[in-house]
Amino acid sequence: MKKSPLTSVLGAFVLLALAAALTFAIQAGGQTRPPEYNEIVAAQKIADPAARLKEFERLKAAYPQSAMMGTIDGNIYGIKLEMAETLETVLQLQRGDLGKGEGFMKWMSYFGAATDLVDHDKLEKFDKAGVLKAVQAYKAEGDKLLSDPSLIQSLPEAQRPYALDYAKRFHVTLAMAQLNAGQAAAAASSLEAYKAAGGASDSAYHFALAEASARLNKKAEALEGYLNAAVENHADATDKAKAAWIALKGSEEGFAAALEAKQKELPYHPAAFQAPAEWKGKTVLAEIFTGSECPPCVGADLGFDGLIESVPSKYLAILEYHLPIPRPDPIMNPATGARQAFYGVRSTPSTFFDGEAKYGGGGGRGNAENKYKQYLGEIMSRLGQAPVLTLKAEAVLSGDKVEVKAIVDKPAPGAEIHIALVQGEVPYKGSNGILFHKMVVRDIRTVAPESPKAVFDLSASEQATDAYLTEFEKTYTRVPNFKWAERHFKISRNGLKVVVFAQDSQTKKVLNAVTVGVR
């Protein structure tokens, strides 16, 4: 079956539930993995669907009490769905799961069924009116569930906003079913309803909007939508964007540059910054732990990029740390590992404001504006504070060395002075698609408050990071015989900045910060 961001997100919900169940079973049984684990992994690699189905049915019979029964059943259902040749067969398969589960997972049963229909490989062969009728019925049942306040209240409070945001996606699924049925105007209306409800401008939305625009002969709007969807590699959006470009421009010339420009730009427009009327000299320090191989970090990263673009460094200092979560990241270094240990960070994205952990989660490009607004609100709430101390600094590059001199206007018991060497922009495209990483930490020194000076030997920092990457390569066990495809230990001598900040070593509260360019 085709994979879209809709099914990817759905799969994430299901996998989280399965992972939680498996973790509980492992803890209860004292095992590292159930005995059938390797057999399940091997079965998933069987290319022929019929043979794969036969093997999973064998596993279901052989391990009736398996802690991974959800995975086994999910594979059986998915294979049968993949092999289904008619709409009637698909609907029959879905009837067994509709309305099952508790709380939000009950709603997910309807959303998942609708998404399975519009993403099915054989959708073109199915009765189009029948598909639309089924999706409309599933959405009606899902909407009915959401109208009951107890459904959302059954979730942990922190999860409720995400569930409500996610539920809006049903509008996009309906739009795809309407497009499949030849109802472009109705699809456009569904997408308008999605945006009116506050839905994120993600790749699924952009692709559906492009499809509707193309069929309504809105060529420029269609091209824009396909380009936005292509940035996240949605379905065949890149091919359709190129075709739309040629249709509008007359040739392929300029398309690659236009797509690259779209990849670089923010998917939203940051608001003009309004400085506090009575600012007392407080500079907020915002820190983000992220990874170029972390798809859920995209929304958070681009949210921070909006802060960089809109908030002057007089009011905001930013530090970006790269970690090997969930997969190895060639931009990481000993300094990012040290800060990870300092805060006890175990997941990405993780964000800290003045040393205080805030706002987990990130999402895709479509969620970037929401994260930006969330972060900006946090920053604005802190800018009115009177700082405990004031910092000044200057940094000069001489040969391969950056010499930093800071001034602290008064002592602060328990505070440490940290000096971070930052690269303004690091070009690297990992699996999450971000092309340029901003305000990336390359090295950090902790200096004496009474003499806040530091010298960064860039060659020595590069060698230390190269050795750090080599040691990681030798000891990393999640990928057999892992080798770096790229090693980003080199530090550009251009665009360097320094962030100096005072932080309480016990409470981790950041008292103030300052950012300066390296001259």
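No value in this document is a laboratory result; all are computed from the given coordinates. The structure displayed is predicted, hence computed values, not measured ones. No Cβ is skipped: glycine too gets one built from the backbone with ideal geometry, and neighbour counts run over all protein chains shown.
Could you give the C-alpha radius of gyration of the chain expressed as a fraction of 2.2 N^0.38 Å, taking N as the number of residues it contains?
1.09
Packing-wise, with mean Cβ within 10 Å as the measure, how do 350-363, 164-177, 84-97 rank, highest first?
Working: 350-363: 19.2, 164-177: 23.1, 84-97: 15.4.
Top to bottom by mean Cβ count within 10 Å: 164-177, 350-363, 84-97.
Report the Cα centroid-to-centroid distance between the stretch 467-509 and the stretch 189-222 in angstrom, as an integer.
If we compute the Cα centre of each part, the gap is 40 Å.
Ranked from highest to lowest mean number of other Cβ atoms within 10 Å per residue, what is the order of the peptides 130-139, 501-510, 397-406?
Going by the mean number of other Cβ atoms within 10 Å, highest first, we get 130-139, 501-510, 397-406.
Please arrange I407, I79, I417 by how many other C-beta atoms lie within 10 Å of their C-beta, fewest to most. Kindly include the intermediate steps, with their values, before the conclusion.
On the way: I407 12, I79 21, I417 24.
Sorted ascending by nearby Cβ count, the order is I407, I79, I417.
Got the relative contact order for the stretch 80-153 handy, in percent, Cα pairs under 8 Å and 6 or more residues apart?
32 percent
Under 10 Å from the Cβ of V518, count the other residues' Cβ atoms, weight Lys and Arg +1, Asp and Glu -1, and hand me the total.
Around V518, the charge tally is +1.
If I take the Cα coordinates of the stretch 284-517 and project them onto the principal axes, what are the three extents in Å, biggest first?
53, 41, 32
Taking the Cα centre of the stretch 284-517 as origin, work out the dipole magnitude from +1 charges on Lys and Arg Cβ and -1 charges on Asp and Glu Cβ, in debye rounded to 20.
In total the dipole reaches around 200 debye.
Would you please classify the overall shape of the stretch 393-485 from the alpha carbon gyration tensor, given that a ≥ b ≥ c denote the square roots of the eigenvalues, rounded means a/c under 1.5, and beyond that prolate means a/b larger than b/c while oblate covers the rest?
It comes out prolate by the Cα gyration axes.
Run the helix sum for the chain: -39,500 (n - 2.57) per DSSP H stretch of 4+ residues, divided by residue count, reported at 222 nm to the nearest 500 deg cm²/dmol.
After summing the helix terms and dividing by residue count, I get -15000 deg cm²/dmol.
Just how large is the dipole of the chain about the Cα centre, in debye to the nearest 20, putting +1 at every Lys and Arg Cβ and -1 at every Asp and Glu Cβ?
Here the chain has a charge dipole of around 380 debye.
Enumerate the calculated ³J(HN,Hα) couplings along the stretch 465-472 in order (Karplus 6.51 cos²θ - 1.76 cosθ + 1.60, θ = phi - 60°), each rounded to whole Hz, writing x wherever the residue is Gly or Pro.
Result, ordered by residue: 5, 4, 5, 4, 5, 5, 5, 4 Hz.
Which ³J(HN,Hα) values, rounded to whole Hz and listed in residue order, are derived for the stretch 422-439 from phi using the Karplus coefficients 6.51, -1.76 and 1.60 in 6.51 cos²θ - 1.76 cosθ + 1.60 with θ = phi - 60°, glycine and proline given as x?
Values, residue by residue: 10, 9, x, 7, 10, x, 5, 9, x, 5, 7, x, 5, 8, 10, 9, 9, 6 Hz.
Please give the Cα centre distance for the stretch 90-166 versus the stretch 431-447, rounded to the nearest Å.
What the calculation gives is 40 Å, centre to centre.
Which whole-Hz ³J(HN,Hα) couplings does the stretch 299-311 yield from phi under the Karplus relation 6.51 cos²θ - 1.76 cosθ + 1.60, θ = phi - 60°, glycine and proline marked x?
Computed from phi, the couplings for the stretch 299-311 are x, 5, 4, 6, x, 5, 4, x, 5, 4, 6, 10, 9 Hz.
So what's the net charge close to P326: Lys and Arg +1, Asp and Glu -1, counting the other residues with Cβ under 14 Å from its Cβ? It would help to have the intermediate numbers written out before the result.
Working: positive: R327, R346, R478; negative: E293, D329.
Residues near P326 contribute +1 overall.
Which whole-number percent gives the relative contact order of the chain, counting Cα pairs below 8 Å spaced six or more residues apart? Walk me through the intermediate numbers first.
Details: 844 pairs, mean separation 57.8, N = 519.
Relative contact order here is 11 percent.
Please work out the Cα center distance from the stretch 335-407 to the stretch 239-305, rounded to the nearest Å.
The stretch 335-407 and the stretch 239-305 have Cα centres spaced 19 Å from each other.
Using 19 Å as the Cα-Cα cut-off, could you pick out the over-long pairs in K168/K195; K80/K122; K371/K438; K429/K497; K262/K438? Provide the component values of the computation, followed by the final result.
On the way: K168/K195 9 Å; K80/K122 13 Å; K371/K438 16 Å; K429/K497 22 Å; K262/K438 17 Å.
From the list (K168/K195; K80/K122; K371/K438; K429/K497; K262/K438), the Cα-Cα distance tops 19 Å for K429/K497.
So for the stretch 363-482, averaging the separation of alpha carbon pairs under 8 Å that are six or more residues apart and normalising by length, what relative contact order in percent results?
On the way: 129 pairs, mean separation 24.8, N = 120.
Over the stretch 363-482, the number comes to 21 percent.
As a quick test, which of the pairs K128/K249; K60/K483; K249/K490; K373/K483; K54/K100 have an alpha carbon distance above 31 angstrom in this structure? Before the final figure, lay out each step's value.
Values: K128/K249 33 Å; K60/K483 37 Å; K249/K490 40 Å; K373/K483 39 Å; K54/K100 25 Å.
Beyond 31 Å between Cα atoms: K128/K249; K60/K483; K249/K490; K373/K483.
I'd like to know which of S292, I434, F273 lies farthest towards the positive end of the charge dipole of the chain, counting +1 on Cβ of Lys and Arg and -1 on Cβ of Asp and Glu.
F273
Any idea what % of Cα-Cα pairs in the stretch 139-202 are farther than 20 Å?
Beyond 20 Å sits 33 percent of the P(r) for the stretch 139-202.
When DSSP beta bridges are limited to those with both residues in the stretch 284-517, what percentage is antiparallel, rounded to the nearest 5?
Around 85 percent antiparallel, to the nearest 5.
Which shape class applies to the stretch 332-444: rounded if a/c is under 1.5, otherwise prolate when a/b exceeds b/c and oblate if not, where a ≥ b ≥ c are the square roots of the Cα gyration tensor eigenvalues?
It is oblate, given that a/c is not under 1.5 and a/b is not larger than b/c.
Please rank H269, H206, fewest neighbouring Cβ atoms within 10 Å first, as an exposure proxy. Let's see the in-between values first.
Details: H269 12, H206 26.
The most exposed by this proxy come first: H269, H206.
Once amide H atoms are built 1.01 Å from N in the peptide plane, which residues 5 or more positions from E416, or in another chain, come under 5 Å H to H?
Sorted by chain and number, the residues that satisfy this are Q503, D504, S505.
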